[in-house]
Every structure is written in structure tokens, then in C-alpha cells.
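Quick note: the coordinates plus some simple rules give every number you see, no bench work behind them. Nothing here was measured: the structure is a model prediction, and the numbers come from that model. With ideal geometry, Cβ positions are generated from the backbone for all residues, glycine too; neighbour counts draw on all protein chains shown.
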Amino acid sequence: MKQVVRARHAIVGGEAVHDFAFVVDEGRITHTGDGAAIVADYPDVPCMDYGEDRLLAPGAVNGHSHCYQILLRGWADDWGFDRWRDDALYRIIPQLEPEELYWVALAAFVEMLGNGITTVVEFFYLNGAGTARLEKLVEAAIDCGIRLVVARAWMDAPYAPPIFREDIASARRDTIALAQELRSAGILVCPAPHSLHAASPEMTRAAVDLARELDVPAHMHVAEARYEVEQVRSRTGLTPIAYLDSLGVLGPRFVAVHAIWQTEEEKDLMGDRGAALIHNPVTNQYLGDGIADVVGLRRRGVRIGLGTDCDLRPCIYDEMRAATFLQKTATLDGATLSARDAWLMGTRDCARAVGVEAGDFAEGCYADWCVIDRTHPSFHPWSHPVNQLVYISDPGIVVETFVGARKVSDRRRAQRYGNERIGAELRKVAQRLRLPLDHVNAPG
């Protein structure tokens with residue numbers, strides 16, 4: 001059924017617009033324009049009309065997430081990367097049973113929706129023991145209403161936990177089956193060779209070849225930490241991006257995650273090959289990874305989106321803020337990477353990078369939006385709304401979230417299950433895993 005959505009205040013294409021409206025049909029935007037004119041053109045269509053106290057913003061797009069890492073919050077902090085990976089990630093996450101993973105994913109997705117994220121790319125590791133765990137993650141996404149892209153990890157490194165590992169034939173078979181199964185639900189499934197240290201060259205090539213067959217992007221962690229550069233160079237004689245290019249996988253379908261440690265020549269390669277980048281500035285700081293040269297990559301035409309990545313608050317507004325502040329700091333120039341630039345990286349540009357028609361109020365896009373409370377104490381009427389959301393506001397300023405024109409979050413409460421039920425189930429998972437509840441006991 002058609003519906004008109006009208007707002008006195010909206011953000012469209014990264015700009016503030018007054019009295020804006022759009023028409024929704026079957027979950028997509030079919031017509032946009034002046035609010036009064038749209039309402040007049042569709043007199044018999046129901047209209048959702050937002051007043052002066054509300055601002056409509058396109059839903060944020062989370063280009064890279066590991067939802068299960070919310071279990072590492074608050075106790076695996078202030079560690080070096082190796083310890084964090086080995087003593088937290090690789091120790092705790094493989095223990096998750098399918099039903100437990102459902103509640104963990106649901107909790108993370110509900111939190112994202114409450115923070116205005118309507119699309120998430122979930123880079124999922126636990127594929128070595130069949131599809132049951134990933135099926136539960138998909139079920140959680142469907143139940144809470146978030147738009148899901150599955151970046152299905154491929155890993156064959158001997159050091160990885162067995163539940164993460166598989167051979168090329170199994171990864172290809174299960175990825176194809178999943179893509180076929182989820183196509184009718186509108187869920188994109190993308191092959192995701194984990195990294196150059198966790199996926200062999202043969203597996204990396206096979207994953208990207210399958211992405212071409214399926215006509216989807218391929219996601220991969222690349223050059224996140226400085227040690228990776230030396231590791232790849234010692235093994236191949238090339239730096240990571242250059243090595244990927246030598247494998248023939250660097251191209252318009254390739255989505256590099258992190259890509260912090262690059263030479264100037266590698267940045268040129270990313271631009272020349274049309275590759276995309278998902279930038280995770282908050283996690284990059286948290287893990288001490290470094291600062292990606294976003295400004296230099298944008299100058300070369302690299303498509304860049306934002307992701308929340310690991311075990312901190314999943315909020316793209318936080319990522320926007322971190323992205324622009326880090327670039328200003330790195331370049332010693334306060335004019336570098338504007339609020340609008342960062343806003344587009346977390347909405348429209350990220351959607352384009354990961355292959356989803358979302359992130360803006362444009363004809364053909366999914367009707368995904370969030371409602372901002374203009375009466376919130378942190379909202380100042382003299383501030384440009386984009387600057388307001390990027391530089392100032394708390395995520396609590398989001399009061400409702402819609403995906404496909406369906407309300408999926410209302411004042412940060414889940415629609416199918418109450419927050420109390422989700423919290424109780426999450427606590428059961430933490431107890432079984434012996435996480436340090438109330439800081440009494442340690443994982444073991």
C-alpha cells in the first residue's frame with residue numbers, strides 16, 4: 001500500500017531541507033519533493049506527517065560489524081591486539097551455541113536500530129561447523145527488522161579456531177546455498193575472505209571469483225595493523241594491497257575493511273581499480289591500529305563507508321565524529337573532512353560501497369529512516385542538523401527507526417521482544433561463558 005511521509009525538517013543528500021515529502025510503495029521510495037506539493041498530488045494516500053519537533057534522517061548504514069563481539073565489552077579492554085584476539089575473541093566467541101547466538105545478535109541489532117542504523121553488514125566467522133549459527137543470526141535480523149547484508153567469512157588458516165575454519169569447496173558450497181536461500185528475503189550474501197593472514201591466496205581468489213558469479217561485493221580485512229604489512233612483505237615481497245592486486249582480486253567489487261597501512265602507490269591502486277573501503281575509526285583507535293588516510297583515498301576517488309566493527313557502542317554517528325576528528329588531527333587542518341563528508345560516508349556513500357540501495361531519501365532507495373527529537377536537550381536550533389548529529393548529539397536523540405517504512409524501534413525498545421527479555425537471555429549466555437558478571441569472576 002502506498003504511503004506519503006512528510007517532514008517539516010529533513011536531511012536529504014547531506015543537506016538540510018524544509019517541508020520535504022516522499023511516497024513509499026512496497027518498502028521503497030517512488031517519488032520525492034516539496035511536502036505540500038506531494039500531499040496535493042496524492043490526496044487519497046495516507047500521510048504520516050511529522051511536525052516542527054521532529055527531524056527525519058535517512059537510516060545509517062553500518063558497513064562492517066561483528067555483532068557477537070558485544071560479549072567482549074567492558075572486560076577485554078586496554079589489551080594489545082594479539083591478547084585481545086587470542087584471549088577474548090578466539091576464546092569466547094567459538095563457544096557460542098546457535099540459540100545463544102540468536103540472542104546476542106538480537107541484542108546487538110536492537111541497539112543498532114535504537115542508534116539509527118537501519119542496514120548492517122555482518123562479517124560472520126562461525127561457519128566451520130555448518131550453517132546453524134548463521135541461520136540464527138539471520139533469524140535475529142528478520143525478527144527485529146534490521147536490513148542485513150551477510151559478509152560470510154572464508155578462513156582456512158591452521159591457527160584459526162576449528163569453528164572458523166573450512167576448506168574452499170565447503171565455503172563455496174555453503175555460500176551459494178545461503179545466497180539462494182536468502183534472496184527471496186532481500187538479504188545480500190557476500191563472500192568474505194577473512195584476511196591475508198587467515199585466508200590462503202587460493203581461498204581469496206576463489207571467494208572473489210564467487211562474488212563475481214553472484215554479482216555481489218567481496219569483503220576482506222586488509223592492512224589493519226602495521227605488523228600485517230611486514231608479515232605479507234616477508235612472505236610475498238609485496239605490501240598487502242599490491243599483493244591483492246597481483247592476485248587479480250582488487251577491483252570494483254572489492255571492499256577493503258580498515259586498509260590503514262598503505263603506501264602512496266597502493267592508494268593509487270585502490271583508486272585505479274575502483275575498490276571501496278569501509279573505515280572503522282572508533283575501533284581503529286580502541287585497538288591502537290592507526291589512522292587511515294581517508295582524505296588521500298577520497299582524493300583518489302575511492303568509495304568510502306563507515307562501520308562500527310567490534311565491541312564498542314554500535315553507533316554510526318560516533319563513527320562519523322571520529323572519522324572527521326581523526327582526519328583533522330592527522331592533517332593538522334580543521335577544514336579537513338567536513339561534517340557533511342562524514343555524514344555521507346555513514347549513509348549514502350556506505351550504501352553504495354556495499355551494494356545496497358539505501359542511505360538517502362532518493363527515488364528507488366529503500367524507505368529506511370530515523371526520527372530525531374528536535375526538543376532533545378542536546379539539539380540546538382541554530383546548529384545545522386548534519387553538524388549537530390555528527391559533532392554534538394547523543395544517540396538518545398533518535399526516537400524512532402523505520403526499515404522499509406515499517407517501525408522497528410520506538411524510543412530504543414525492541415518491537416518483538418521487550419528489552420527486559422533480551423537482557424535476561426543475554427545474561428544467561430554471559431553466565432554460561434563465565435564472563436565476569438558484575439566483575440566477580442573471570443573468563444575461563
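Which of GLU122, GLU202, GLU135 moves the most in a Gaussian network model of the chain with Cα springs under 10 Å? Among GLU122, GLU202, GLU135, the largest mean-square fluctuation in the Gaussian network model of the chain belongs to GLU202. Modelled spin labels at ILE142 and GLU264, positioned 7 Å past Cα toward Cβ, are 5.2 nm from each other.
Residues considered: HIS279, HIS219, HIS31. Largest GNM mean-square fluctuation over the chain, using C-alpha springs under 10 Å, is found at HIS31.
The stretch between GLU99 and ALA335, if pulled fully straight at 0.36 nm per residue, gains 80.1 nm over its current Cα-Cα span. Please give the helix 201-214 orientation as an angle from the longest Cα principal axis of the chain, in degrees from 0 to 90, rounded to the nearest 10. With rounding to tens, the tilt is 30 degrees. A Gaussian network model of the chain, with springs between Cα atoms under 10 Å, assigns the largest mean-square fluctuation among THR308, THR32, THR283 to THR32.
Counting only alpha carbon atoms, the long axis of helix 98-114 and the longest principal axis of the chain meet at about 40°.
Determine the relative contact order of the chain: mean sequence separation of Cα pairs under 8 Å and six or more apart, normalised by residue count, in whole percent. About 20 percent, as a whole number.
Of the chymotrypsin sites (Phe, Trp or Tyr not before Pro) found in the range 108-176, the ones in coil according to DSSP and having at most 14 other Cβ atoms within 10 Å of their Cβ are TYR159.
How high is the relative contact order of the range 297-342? Use alpha-carbon pairs under 8 Å, at least six apart in sequence, and give a whole percent. Working shown, then result.
Values: 26 pairs, mean separation 12.2, N = 46.
Relative CO of the range 297-342 lands at 26 percent.
At a Förster radius of 35 Å, what calculated FRET efficiency corresponds to the Cβ-Cβ distance of TRP382 and LYS2, to the nearest 0.05? Show your work: numbers first, answer last.
On the way: r = 37 Å, r/R0 = 1.05.
The value I calculate is 0.45.
The candidate values are [x] 43, 30, 22; [y] 37, 24, 21; [z] 34, 25, 22; the one derived from this structure for semi-axes √(5λ) of the Cα gyration tensor in Å carries the label [z]. For the Cα atoms of the chain, what angle does the longest principal axis make with the long axis of helix 419-432, in degrees from 0 to 90, nearest 10? So the inclination is approximately 10 degrees.
So what is the 222 nm mean residue ellipticity for the chain from helices alone, if each DSSP H run of at least 4 adds -39500 (n - 2.57) and you divide by all residues, rounding to the nearest 500 deg cm²/dmol?
Numbers: 15 runs with 154 residues, N = 444.
The helix contribution divided over the chain gives -10500 deg cm²/dmol.
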